[in-house]
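The values are calculated or read from the model by the stated rules, or taken from the named source; none is laboratory data. Quantities reported herein were computed from a predicted structural model and do not represent experimental measurements. Virtual Cβ from ideal backbone geometry, glycine too; neighbours counted across all protein chains shown.
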Amino acid sequence: MTSNDQNPILRFLEKQGVLFLDGGLATALEARGCDLLDELWSAKVLAEAPDLIREVHLDYLLAGADCITSASYQATLPGFRNRGLDDEAGRSLLRLSLTLALEAREAFWSDPTSRGGRLEPLVAASIGPYGAFLADGSEYTGDYDISDSELLRFHRERWDVLAEGGADLFACETIPTLREAEVLLRLVAETPGQWAWLSFSCRDGKHLCDGGRLRDAVRVCGAEPRVAAVGVNCTAPEYVASLIGEARMETDGPILVYPNSGEEYNAARKKWHSDRSSQPMADAAGEWVWRGASGVGGCCRVGPGEIARIRRALMP
């Protein structure tokens, strides 16, 4: 992990006022024909077709993303063990997740015609919640039958591997509870020179998925000086404006928002349904920045095309 005394997000805010995030890695992989109906989700592509992951990262950079996140959201040593891989093989796949993102950034940055007047993009090491490993929908509830010490041990295994991989910061994503955030904050505090953002999944305009208040979680995150940003992701877009206001009551620092497309997800069937009519994300992004968002991107069902539209809308 790259050690940096300055919050790596700030140089983007100073130059262009907003950080453009990528979209859903799994969404883009499915568009390329990958079958992700699997407990490892996009992490299974690390073993089966890693070149596709590199290509998707590059797609997002070319679309205008200033930050790409590694294919490690659902990549865990316990998950790989369940597939019969020993821990060294699992660690190799975790390291590969960062290598692919770093290679994509190098390919993008080495081409003057594509980088234009851009700043060199960031690579974030993705850390998904414990519920993502369970693959039972509990990442959207935080209802875990596990002690705090076990939860810390689970996250530390992956964290320690990714911390050595050369990313600019950690992206702790889709956190459904303050309890899990506090475990991750402990790891941030224990890793010298390390920055991380913590992004929460929310069930409405004020509450985390487990029912706790977002503003309480943001306040706790603010006590750790190496938190580069707080945010919300994997959340319905119609809640984002209100959630920005909740977060702004507790922080003057960067706030990242990267919601889902607005479609409904059935966790049991692992399928999306277009039951909701929502505003195009590129249209909503201007309001989100006006309300105080510092970074904008997408999560599930948001691909490179939408990221390109968001960037054009905010930087015409």
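Identify all residues within segment 197-220 that are crowded, with 24+ Cβ neighbours inside 10 Å, of a type in the set (G, A, S) and free of Cβ contacts under 8 Å to residues at least 60 places away in the same chain; write none if there are none.
S199, A217, listed by residue number.
Suppose we filter segment 285-306 for residues that are surrounded by fewer than 21 Cβ atoms within 10 Å (Cβ to Cβ), of a type outside the set (F, W, Y) and over 20 Å from V56 (Cα atoms); how many remain?
Adding up the residues that qualify gives 5.
Pairs please, first residue from segment 174-196 and of a type in the set (F, W, Y), second anywhere and at pLDDT below 95, Cβ atoms under 7 Å, 6+ apart in sequence or on different chains.
W195/N4
Could you list, in sequence order, all residues of segment 100-126 that are surrounded by fewer than 19 Cβ atoms within 10 Å (Cβ to Cβ) and of a type in the set (S, T, N, Q)?
Once the filter is applied, which keeps residues that are surrounded by fewer than 19 Cβ atoms within 10 Å (Cβ to Cβ) and of a type in the set (S, T, N, Q), segment 100-126 yields S110, T113, S114.
Right, N7: touching a strand residue (DSSP E or B) at 6+ places or on another chain (Cβ under 8 Å) and either free of Cβ contacts under 8 Å to residues at least 40 places away in the same chain or polar (S, T, N, Q) (or both) or not?
Yes, satisfied.
For residues in segment 271-284 being assigned to a loop (DSSP other than H, G, I, E, B) and surrounded by fewer than 15 Cβ atoms within 10 Å (Cβ to Cβ), which is modelled with the highest pLDDT?
Result: P280.
Conditions first: (1) within 23 Å of Q6 (Cα to Cα); (2) of a type outside the set (K, R); (3) touching a Cys at 6+ places or on another chain (Cβ under 7 Å); (4) part of a loop (DSSP other than H, G, I, E, B). V230 passes all but one, so which condition is the exception?
(4)
List pairs: first in segment 63-86 and under 30 Å from M315 (Cα atoms), second at pLDDT 95 or above and among the acidic types (D, E), Cβ under 6 Å, 6+ apart or cross-chain?
Sorted first by the residue in segment 63-86, then by its partner, the pairs are A65/D22; I68/D22.
When both residues are 6+ apart or on different chains and their Cβ atoms are under 8 Å apart, which pairs have a first residue that lies in segment 25-47 and is over 18 Å from C299 (Cβ atoms) and surrounded by 22 or more Cβ atoms within 10 Å (Cβ to Cβ), and a second that is β-branched (V, I, T) and modelled with pLDDT under 75?
none
Scan segment 294-307 and tell me whether some residue there is at pLDDT below 95, over 25 Å from L184 (Cα atoms) and not aromatic (F, W, Y).
Yes, the conditions are met somewhere in segment 294-307.
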